[in-house]
Amino acid sequence: GGTMKRRAGEREKELKKKKLLEELGEKRLPYVTPADADFHQLWKTKYSKLIFRKSDSVPEELHRMVQEGFLTLREHDCFFQDLVRIKGKDFVTPVSRILIGNPGCTYKYLNTRLFTVPWPTKGYDIKYCSPEIRDACKALIRLNDYLHIEAVKVLQEQNLFETKEVQDTSLIDRKQNIAASLTEKGSVSEDQSSCCVSEGDHLILKNRTSYNLTLLNYMDPLQMLYLKQEPYFGMGNMAVSWHHDENLVERSTVAVYSYSCQGSAVEESNEQNLKGRDPAVWHVGLKVAWDIETPGLAIPLHQGDFYLMLDDLNMTHQHCVLAGFSPRFSSTHRVADCSRGTLEYILGRCELALQNLQTDSDSMALSLKSLETAVIKQVEEIHNEVEFEWLRQFWFQGKRYLKFSDWWLKPMAKLEEFWRKMEIMVS
């Protein structure tokens, strides 16, 4: 059922897009950059849930760790182009990526399931292939913690979560308290933290900002033979086309840290008479979805800047990434909807299926406990899920994970063993 619905949805989108582009013809919609006079007014009114922070607001030491981590991963050839399905066709993404995050977590985008390279997590014994790779993963969990705290502060300032009480405490107190209570996991006593933010708000904040993974991107535009042109506004070369991020917890924040390695070769074009965006500089583009009244936004991203997409911005708006001239890394932190995407989940499903398998104590012959249609159907569903959503998705691109850690090998062997048993059950 899901596939049919999705296809219908995609068709509808295609028609909308076609109509939009036909309507435009040779015209281009207007967009603004910070160089324009009406930029801040437009930002405040139509794009207020996009928060932007310049690189000097981030601690130097964090920049250093993260940027070193990026370069390490590039040296070890740890970025991979993904084969994705769009409208039933297979494409290789122009951008190369790797997913790093909580152990056992996965993230699905454009019908491709990526498996996290685990970052160092308390309570898990993770062996890395080299100390440098370990340091890179550690730098990213540090960045993750930092962006989590920043997102919590901003959401509180903007009051973007249903507040259940009158706020009487001064804002600063509240901010510090909640930031502390969310980071030092429990070091702030319960009564202290509840004075400023009710239990419910605390949970909402945590659920929408506790990033469980980051999708890292890398692209060197000068190595690309061909980049798509941005079609609506004439913003130029796109590294990533217009889209909404998918598979996220509803209304959760997305945080993006950007690092373009400006070599001596590429500096900004000094022509300030350029209309629109400077093509040498990377930008993030934003537009209101399916709206041709509101001008678009193109925001320059310099080395070490980061931005946050708050609340429902990712649903009401679309974004794209406009390529500059220099190679660029980004770390995009997300609250992935892992309800059906964790190792724990799929192991649980397998165990459920195997409850219908019994072994005769004398002959050791295998048989089914129940022949009810519903039970058999469920086993077959789980059998397919473990095969198509996990085993095939992993082995199709699983070799890449061995550059980092052997973490996924044992779980995959276990899933395969369960799959074999289900094969027997089906036969």
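A short reminder: the numbers here are calculations on the coordinates, not readings from a lab. Values in this document were obtained by computation on a predicted structure and should not be read as measured data. Positions of Cβ are backbone-derived with ideal geometry, glycine not excepted, and every protein chain shown enters the neighbour counts.
Some notes on this structure:
- Rounded to whole Å, sorted largest first: equivalent-ellipsoid semi-axes of region 1-104, Cα gyration tensor: 33, 29, 15
- Candidates per GluC sites (Glu not before Pro) in region 318-427, loop by DSSP, up to 16 other Cβ within 10 Å: GLU372
- For LYS275 and LYS89, a Förster radius of 25 Å and the Cβ-Cβ distance give a FRET efficiency of 0.10, rounded to the nearest 0.05.
- Charge dipole of the chain (Cα centre as origin; +1 on each Lys and Arg Cβ, -1 on each Asp and Glu Cβ, all else neutral): 1000 debye, rounded to the nearest 20.
- Sites TYR124 and VAL375 - FRET efficiency at Förster radius 35 Å, r taken between beta-carbons, to 0.05: 0.50
- Relative contact order of the chain, pairs being alpha-carbon contacts under 8 Å that are 6 or more residues apart, as %: 21 percent
- Local net charge near GLY341, Cβ-Cβ under 9 Å (Lys/Arg +1, Asp/Glu -1): +1
- A protection proxy built from the mean count of other Cβ atoms within 10 Å ranks the segments 107-117, 286-296, 84-94, most packed first, as 107-117, 286-296, 84-94.
- Global form of region 364-403, assessed from the alpha-carbon gyration tensor, a/c cut-off 1.5: oblate
- Loop trypsin sites (Lys or Arg not before Pro), region 300-340 (other Cβ atoms within 10 Å of the site Cβ: 14 or fewer; DSSP): ARG340
- Close amide H contacts of ALA239 (hydrogens built in the peptide plane, cut-off under 5 Å, sequence separation of 5 or more or a different chain): VAL321, LEU322, ALA323.
- Listed candidates [x] 28.7; [y] 23.9; [z] 22.6 - label of the one calculated as Kirkwood radius over Cα pairs in Å: [y]
- Here's how it looks for LEU357: its modeled amide H is under 5 Å from those of LYS369, which are all 5 or more places away or on a different chain.
- With the convex hull of its Cα atoms as the shape, region 343-426 has an orientation-averaged projected area of 6.0 nm².
- Given LYS228/LYS275; LYS138/LYS403; LYS18/LYS228; LYS49/LYS228, the pairs whose alpha carbons are separated by over 24 Å: LYS49/LYS228
- Residue-wise HN-Hα coupling along region 81-95, computed from phi with Karplus coefficients 6.51, -1.76, 1.60 (Hz; x: Gly, Pro): 6, 9, 8, 10, 10, 10, 6, x, 10, 8, 10, 9, 5, x, 8
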